[in-house]
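Student: This is the structure, below, for whatever I ask next.
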Amino acid sequence: MPIRRLLPFVLPLAAFAFGCGSTEPSPPPPDEGEPGPLAVTTDKGPIEGSLVGSTRAFLGIPYAAPPVGDLRWKPPAPHAAWTETMKVTTPGRMCAQRNALTGDFVSTSQEDCLTVNVWTPEKLASAPRPVLVWIHGGAFTLGSGGDYSYNGQNLSETTGAVVVTLNYRLGPFGFLALPELEAEDAAHPSSGNYGIEDQRAALAWVRANAAAFGGDPGNVTVFGESAGGISVCHHLVSPESKGLFQRAIIESGPCDSFLGKDKATAQGADLLAALGCEGPDALTCLRSRSTEEIMTALPSSADLIFGDGAKWFPVLDGWNLPDAPSKLLAEGQFEKVPTIVGGNADEGSLFFALANTMIADDAAFEALAEQLVPGHGKEVVAQYPSATYGSAQKAAAAAVGDAGFVCPTRQAARSLAKAGVPTFHYHFTYAPKGALLGDIGAFHAAELKYVFGNPGQLAPQALTDEEIAFSKVIMGYWSRHAAKGDPNGEGAFSWPAYDAEKDESIILDMTVSKQAGVRKDKCDFWDTMPSFTP
C-alpha cells in the first residue's frame, strides 16, 4: 500500500474535523452510590476538580515535567511532587503548534503542555470503572486533548466510564530526529518520537492514578482518531508500551504512517541549518532558540494536500518502533489486546474540500494518482471511473479515502484477527447534518461528534434527538468493548468478530447493519499496488 507516501500530504487537515431514531438501547446507567470527592490525591500530590452536571472534572493535571530548557528533546521526565492542593478546573495549554491554514505560530500554545484531563461520574460505583484514554489527531502537528470536541463529560455520564484526554508534544518538539540527540543518552538510543513517549508517560500516569478517580488501572482502553489512531497502532507494536492498556480502538488511523530514519534525520538537519545551529554546539544553539523560532524555521505546506513543507511524523527508530507496524502486525509481533478498528465511508472528501483542490478531468486525476502511486496512474483512474462517481473530483476523493484509510483499516483488521485477537471492524457511513463544507458525506473524523456527543468544528450544530440516540449507540459499543473486550451486549445489534474469509463489518449509521466485503474490490486493487520503503 502507498500509505506512507500518501498520508504525510493529507493528514495535516485532520485537526479541522472534530473532530431517524435508532432502535438500539442506550447503555445502562452507571452504578450510583455516594458522591465522590472533588479533592483527590495523585501520586505527585493533592488536586481539586469541579462538579459539572453529574460529572467530576479534573482538568489540566500535569503528568510529566515541563519539557523545556534542558528537557527539550528528552524523554518525558517525572513531574516534581507538590504538597499544596492544586486546583485543576481548566484544561492545560495546547502544545506548541502552527495555524494549519496560515502557517503562523499559535501564540496561545506553549511547550509546557504535558497535561491530562479526567472526567468521572459524580457517584461512586460498586466496582472500579473502565478507563478510556483518548489520543487526539491532527497530523502530529495540531490539536489538543483540551479541545471542546473531546470534552469527556457526555461520554462519561452516558457510559459510567472514566474518560481521560491528553496532550503530547507536536511538530518539531515532538518528532525531531537528530543523531546528536540520539547520542545524548546511551540508555535511550532514539530520537524523533518524543510525542509518542509523552503518550506512553500519560498511560503510565493513568495506571498509577486511575484508582483515585474510581477507575480500574487494570482495565484501560486507549483510543484515538487519525494521528491518534496511528499512535494507538504504534503503541500496539512498541515493546516500550507493553502492559499499559488492555483494549484498543483505532479510528481512521492507518498504521504505516511514519518517517524512515534517514528522511527524518535529513529533515532534522534542515532545521538546524535554517536556525543557524550547525556545528559542534548544535544542540546548545537549538535549545537556546525561542518556541516560535523553532516552530516556524521550516516552511509548512503551501498546498495542504501535496505541498512539500516539513512533515513531522513518528520515526522508525528501531527502539520505539522496531519495524514497520504493518510488518509487525502481520508477523504477530504486537500487544494482543481486543481491538476495534475502522474508518469512514468518505474519508477523502474533507481533504479536497478544505484545500480547495480541484480535479477538473481525468487527466488531472491521473496526474494526481501518479503522485500517489508512480507508474500506476492510469490503473487508478480505471479503477475509479469518473462516470461512476459523477465527476473526476469525486472519483479522486474516493481513491484517496480508500488508499489512505479504508483499505489500510481492512489490512490491519486481517492481521489482528489472524493473530487470534478479538477484532471488530466498522465502517461509518452517516453524514452529519449541517456540515460547514457542504455535502461531503461521512468525512474523515465525522464519527467523533457521536463518540463524544459534542458538536464539532466542521459540524457545529447541536446534536438532534436522532443524533443523540445514534451517539448513545456508538458510546454503548465503545464502552462495552472497554468493559469486557467485546462491544456486544445489552440487546444491541450484533457486531460480528472480524474474520478475513467472511470479511464482515458493522455499518454505523442511523440504522445499524452489517455487511460483508465492504469496498472489497477497491481494497483488493490497492493490495496489488507497490509498497514504499519509508
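Student: Which of the residues that make up segment 177-203 are among the hydrophobic types (A, V, I, L, M, F, W, C) and closer than 26 Å to residue 252 by Cβ?
Tutor: Of everything in segment 177-203, those that are among the hydrophobic types (A, V, I, L, M, F, W, C) and closer than 26 Å to residue 252 by Cβ turn out to be 177, 196, 201, 202, 203.
Student: For segment 475-497: of the residues being within 25 Å of residue 245 (Cα to Cα) and touching an Asp or Glu at 6+ places or on another chain (Cβ under 7 Å), which is surrounded by the most Cβ atoms within 10 Å (Cβ to Cβ)?
Tutor: 476
Student: Another question about this same structure. In this structure, is residue 511 surrounded by fewer than 24 Cβ atoms within 10 Å (Cβ to Cβ), part of a loop (DSSP other than H, G, I, E, B), on the phi < 0 side of the Ramachandran plot and modelled with pLDDT under 95?
Tutor: Considered against the rule, which asks whether it is surrounded by fewer than 24 Cβ atoms within 10 Å (Cβ to Cβ), part of a loop (DSSP other than H, G, I, E, B), on the phi < 0 side of the Ramachandran plot and modelled with pLDDT under 95, residue 511 comes out as no.
Student: Considering (1) at pLDDT below 95; (2) on the phi < 0 side of the Ramachandran plot, say which one residue 103 fails and leave the rest.
Tutor: (2)
Student: Let me ask something else. Of the conditions (1) under 21 Å from the mean Cα position of the chain (by Cα); (2) surrounded by fewer than 22 Cβ atoms within 10 Å (Cβ to Cβ); (3) under 30 Å from residue 340 (Cα atoms), residue 313 fails just one. Which one is it?
Tutor: Here residue 313 clears every test but (2).
Student: Search segment 139-156 for residues being small (Gly, Ala, Ser) and within 12 Å of the chain's Cα centre (by Cα), and hand back the single one that is modelled with the lowest pLDDT.
Tutor: Per the stated criteria, the residue is 139.
Student: How many residues are among the β-branched types (Val, Ile, Thr) and touching a His at 6+ places or on another chain (Cβ under 6 Å) if we restrict to segment 34-51?
Tutor: Result for segment 34-51: 0.
Student: If you take the residues in segment 173-228 that are within 18 Å of the chain's Cα centre (by Cα), part of a helix (DSSP H, G or I) and of a type outside the set (A, V, I, L, M, F, W, C), which one is nearest to residue 271 (Cα to Cα)?
Tutor: Among those residues, the one meeting the criterion is 174.
Student: Wholly within segment 319-426, which helices (runs of 4 or more DSSP H) include no fewer than the required count, namely at least 1 residues that are surrounded by fewer than 17 Cβ atoms within 10 Å (Cβ to Cβ)?
Tutor: Those helices (runs of 4 or more DSSP H) span 325-330, 362-372, 377-383, 386-389, 407-418.
Student: Has segment 129-140 got at least one residue that is surrounded by fewer than 24 Cβ atoms within 10 Å (Cβ to Cβ) and of a type in the set (Lys, Arg)?
Tutor: no
Student: Could you run through segment 442-466 and say how many residues are surrounded by fewer than 21 Cβ atoms within 10 Å (Cβ to Cβ) and in a loop (DSSP other than H, G, I, E, B)?
Tutor: 7
Student: Within segment 118-172, how many residues are at negative phi and in a helix (DSSP H, G or I)?
Tutor: 11
The values are calculated or read from the model by the stated rules, or taken from the named source; none is laboratory data. Keep in mind that what you see is a predicted model, and the values were worked out from it rather than measured. Here Cβ is always computed from backbone atoms with ideal geometry, including for glycine, and neighbour counts include all displayed protein chains.
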